Amino acid sequence: MNAVILQDLVKRFGKKKALDGISLELQENRIVGLIGRNGAGKTTLLRTLAGFLRPTVGSVLVFGQNPFDNIRVLSDIVLMDDERYTDNSDLRVLIDRAALSWSQFDKAMALKLLDYFNIPVKTKIKKLSKGMKTLFSLVIALLSRCPLTLLDEPTLGLDAAHRKEISSLLLKDYVNYPRTIIVSSHLISELEGLMEQVVLIDNGRLVFHKTIEDVQSYALYLTGRRSILEEQEGRRRVIYKESMGEMLVLGVVNDLSAEELRRLESSGIEISAMGVQDVCVNMTRQDEGGVLDVVSK
Amino acid sequence: MKLNPTDMKPIYVQIAEGIEDDILNGVLEEGSECYSQYQISRMFNINPATAAKGINILVQEGILYKVRGLGMHVSKGAKTMIRRKRHPDIAESARKLVLDAEKLGIGRDELIKIIRDVTIPEKEDK
């Protein structure tokens, strides 16, 4: 069964289209990475899935129902989102509120985890540091154990040790309580191994929806002499290019046969996988120049 | 067993090969229990579905087999199966070695001599 079905989803804020025609189907009980640059539309998409926003055009179905203002499906969805804590309450109050909203909420475990992360529950939410706020919202969202769990930037402001712990915690809880988890991030790194699928969006549009294995093998870096590689440039779909003197690095979509790869290798070209992180960056790069062009003028 | 996220090979293939390596070097013995998908998932912080995919490759090839209620086990004859299967890999490694040697101006004859002279410290008996 599909947990999520989007059809031509458009969300407009005034003149700006935050989402510009996204169609997507996500199966149940998977961990999906929602990847995109700042302002790509990740948060708008998650807030629409969570039923906070009404689509301008198109349709959203979560477990077969429209989530907007729909009490029957909203108890099955949780969105980890700092903005929801608008009042300056004690954490205790917020925890009790979570227990009221989601019948499956594991309060005992939530308190244990907050204790472990050294977050005193008598604190007011606004007194927490950026990282602590992230940890708190994540613990609440994760232990709600909702069939659709939406995590918006769950590693924002966390140090490396915490990011690692969050990744193990997420995995452990997912194994014990399988459900559909969508994790948004502009950076994949620590969470890459957790994801089964990647949804990459840019400027409100879907770039691709692939399994993590397909993303991993989607593109290659070819490094070597310009004279040899320039001949490749015309034949391949190039998504990255950088040069230094006679040396050229080409990032190309991988449609090369084993034979072609071997021939390139024999002519001194180094071939390496682009990696999930770089594929996502290179597929959402602005066309002209880069930041260095701006500062060097 | 180790995983390299920037390797050309997908993670599940690396898992399958990692298990094979552990069988070849005796970390996992024939007839004994293999790592479960959840152990691998926890160890490397990867999705259990990815770990299962790697294990399933080896089940299909008969290198691992499932014992009801007891998890995955290493088949008798697994070592031989892996050796036969991965025999061609050596030719591929040799090809890369020859290319590297050429870069350094080392010809095949010299390379063969180098290979002959390679010394490997004796294995410690456990």
* When the gyration tensor of region A:170-297 is built from Cα positions, what are the square roots of 5 times its three eigenvalues, in whole Å, from largest to smallest? -> 31, 20, 12
* If the label point is 7 Å along Cα→Cβ of A:M1, which residues in region A:136-180 have backbone nitrogen under 15 Å from it? -> A:146-149, A:178-180
* Structure fact -> 1/(1 + (r/R0)^6) with r = Cβ-Cβ of A:F208 and B:Q39, R0 = 41 Å, i.e. FRET efficiency to nearest 0.05, evaluates to 0.80
* Asked: Between B:E30 and A:E265, what is the spin-label point distance in nm, taking each point 7 Å from the Cα along the Cα→C-beta axis?
  -> 3.1 nm
* **Inter-site label distance for A:K122 and B:K9 at 7 Å from Cα along Cβ, in nm** => 5.6 nm
* With each pseudo-label sitting 7 Å past Cα toward Cβ, what's the A:F13-A:K112 distance in nm, one decimal? -> 3.9 nm
* To do: Sketch the reach of a paramagnetic label on A:R225 as a point 7 Å from Cα along Cα-to-Cβ, and name the residues of region A:261-276 whose backbone nitrogen lies under 14 Å away.
  => A:264-270
* To do: Check cross-link reach from B:K103 to the lysines: straight Cα distance under 18 Å, and skip same-chain residues fewer than eight apart.
  => B:K113
* What's the average, rounded to a whole number, of partner chain beta-carbon atoms within 10 Å of each residue's beta-carbon in B:72-82? -> 0
* **Cross-link partners of A:K42 among lysines (Cα-Cα below 20 Å; sequence separation of 8 or more within a chain)** => A:K11, A:K15, A:K16, A:K17, A:K130, A:K133, A:K210
* To do: Once you have the Cα-Cα distance between A:D96 and A:A161, take 0.36 nm times their residue separation minus that, and quote the gain in nm to one decimal.
  => 20.6 nm
* **Given charges at Cβ of Lys, Arg, Asp, Glu: chain A dipole, positive-most of A:V10, A:I271, A:G224** => A:V10
* Assuming R0 = 30 Å, can you tell me the calculated FRET efficiency for the pair B:V67 and B:K2, based on Cβ-Cβ distance, to the nearest 0.05? => 0.65
* Asked: Most fluctuating residue of B:V74, B:V98, B:V13 in a GNM of chain B with Cα springs under 10 Å: which is it?
  -> B:V98
* Out of all DSSP beta bridges with both ends in region A:117-246, state the antiparallel percent to the nearest 5. => 55 percent
* To do: Would you mind putting B:16-22, A:158-164 in packing order, based on average other-beta-carbon counts within 10 Å, highest first?
  => B:16-22, A:158-164
* Structure fact -> Residues other than A:Q104 with Cβ under 13 Å of its Cβ, Lys/Arg counted +1 and Asp/Glu -1, net out at 0
* **D_trans [Stokes-Einstein, Kirkwood Rh over alpha-carbon pairs] for the protein assembly as shown, 25 °C, 0.890 mPa s, µm² s⁻¹** => 100 µm²/s
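Here, each number is a calculation from the coordinates, and none is a lab measurement. Since this is a predicted model, take the numbers as computed values, not measurements. Reconstructed Cβ throughout: ideal geometry from the backbone, glycine too, with neighbour counts over all protein chains shown.
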